[in-house]
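Participant: Before I ask anything, let me first share the structure, which is written out below as structure tokens.
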Amino acid sequence: MDTVKQINSISDLHELFGYDGFVNPYITLINLDKTNLREELRSLKFSINLYTITMKNSKECWLKYGRQVYDFSAGSLLFTSPGQVFLLDSVYDDLHCEGWMLCFHPDLIRDSHIEEKMIEYTYFSYDTYEALHLSNQETLMVNEVINNITKEYTLSEDDFSKSILLSYIEVLLNYSSRFYARQFETRSKSNKDYLIKFEEILKKAFSDTNDFNHIPSVKEIAKELGYSPNYLSDMLKKETGLTGSEHIQNHMLEKAKSLLVNKSLTINDISIILGFEQQANFSKFFKSKTGKSPSIYRKSI
């Protein structure tokens, strides 16, 4: 079994990267040019139990996006959340880029409104090939916020330090959300191609002529298309207004309606076919979508 080395603190992270810099227990900015990662650590798996935002910039940097490769010479941001496991080479070294890595401990945002909003920042669970590609202007905007963060966390701490840091972090995360929205927009044509493929997979899965015994999950479809589940859902949301799960639920609803036409099937039979553990769960799902219970709907057709 592969051993996964746990990085639980800013000090652990500095030691891992051989980085000699100011140590604040809650936040750090590591200059990737000044790291000295030991060779024997490059092929090990790590779990960095911190939030990380990494900027890579180099005139010769390339990154895989979906199943294509794109130039991101203007700069690229990668996001990871606590507990993600990866090889350091796969995230920080393969591209040989200059840049920085902002890391902050979950305790910094604990019990704050940012902690409540982290679920909205879905890009922290995107794969590395789904990085945010920045324009020159966007890079300048991000770096300006980073400079302010660095100045603030290296000052002597006072009653305002944490709230100011949280404000800057929130600005950085909101910028990232805005820039990802722009990226989805600029790649809209390519995204529509994947939307068509997504719908084709669902239609095949829910087809009457198909041996219907498995409902694909967002995770399974995303893997087939070459995306992470959250990235695929966010892309679908941008293009259609619905997440991946909502698309699957809509197909499931139409399949349920078709099955209800077959009077030889009981409501319980249909709930089992659709993968519900209990008939009550199926009935609740159906009524939430149609306003009618399955039995009432069956009587109306």
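The values are calculated or read from the model by the stated rules, or taken from the named source; none is laboratory data. Just so it is clear, the structure is predicted and the values come from calculations on it, not from any experiment. Note: ideal-geometry Cβ built from the backbone for every residue, glycine included; neighbour counts use all protein chains shown.
Participant: Quick one: which helices (runs of 4 or more DSSP H) sit completely within the stretch 246-301 and have at least 1 residues that are touching a Pro at 6+ places or on another chain (Cβ under 6 Å)? Please lay out each step first, then the result.
Facilitator: Numbers: elements: 267-273, 279-290, 294-300.
Output list reads 267-273, 279-290.
Participant: If you don't mind, there's one more thing I want to ask. List the pairs whose first member sits in the stretch 152-166 and is among the charged types (D, E, K, R), whose second member is crowded, with 16+ Cβ neighbours inside 10 Å and in a loop (DSSP other than H, G, I, E, B), and whose Cβ atoms are under 9 Å apart, counting only residues at least 6 apart or on separate chains?
Facilitator: Final answer for the pair search is 157/24; 162/26.
Participant: Turning to a different aspect of this structure: For residues that are at pLDDT 90 or above and in a loop (DSSP other than H, G, I, E, B), scanning just the stretch 44-57, find the one that is surrounded by the fewest Cβ atoms within 10 Å (Cβ to Cβ).
Facilitator: 49
Rundown of residues vs (1) closer than 30 Å to residue 272 by Cα; (2) in a helix (DSSP H, G or I); (3) modelled with pLDDT under 85, yes/no style:
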site: 156; (1), (2), (3): no, no, no
site: 162; (1), (2), (3): no, yes, no
site: 166; (1), (2), (3): no, yes, no
site: 171; (1), (2), (3): no, yes, no
site: 174; (1), (2), (3): no, yes, no
site: 177; (1), (2), (3): no, yes, no
site: 184; (1), (2), (3): no, yes, no
site: 190; (1), (2), (3): no, yes, yes
site: 199; (1), (2), (3): yes, yes, no
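Participant: A follow-up question, please. For residues that are surrounded by 20 or more Cβ atoms within 10 Å (Cβ to Cβ) and basic (Lys, Arg), tally how many sit in the stretch 114-150.
Facilitator: Summing the residues that are surrounded by 20 or more Cβ atoms within 10 Å (Cβ to Cβ) and basic (Lys, Arg) in the stretch 114-150 gives 0.
Participant: Tell me whether the stretch 215-224 contains one or more residues that are in contact with an Asp or Glu (Cβ under 9 Å, 6 or more places away or on another chain) and not in a helix (DSSP H, G or I). Write out each step before concluding.
Facilitator: Of all residues in the stretch 215-224, those in contact with an Asp or Glu (Cβ under 9 Å, 6 or more places away or on another chain) come to 216.
Now restrict to residues that are not in a helix (DSSP H, G or I): 216.
Yes, the stretch 215-224 has at least one match.
Participant: Now a separate question. I'd like to know if the stretch 58-74 contains one or more residues that are modelled with pLDDT of 70 or more and buried (at least 20 other Cβ atoms within 10 Å of the Cβ). Walk me through it before giving the result.
Facilitator: Step one: list which residues in the stretch 58-74 are modelled with pLDDT of 70 or more, which gives none.
Within the stretch 58-74 (the criterion being modelled with pLDDT of 70 or more and buried (at least 20 other Cβ atoms within 10 Å of the Cβ)), the answer is no, since none of the residues qualifies.
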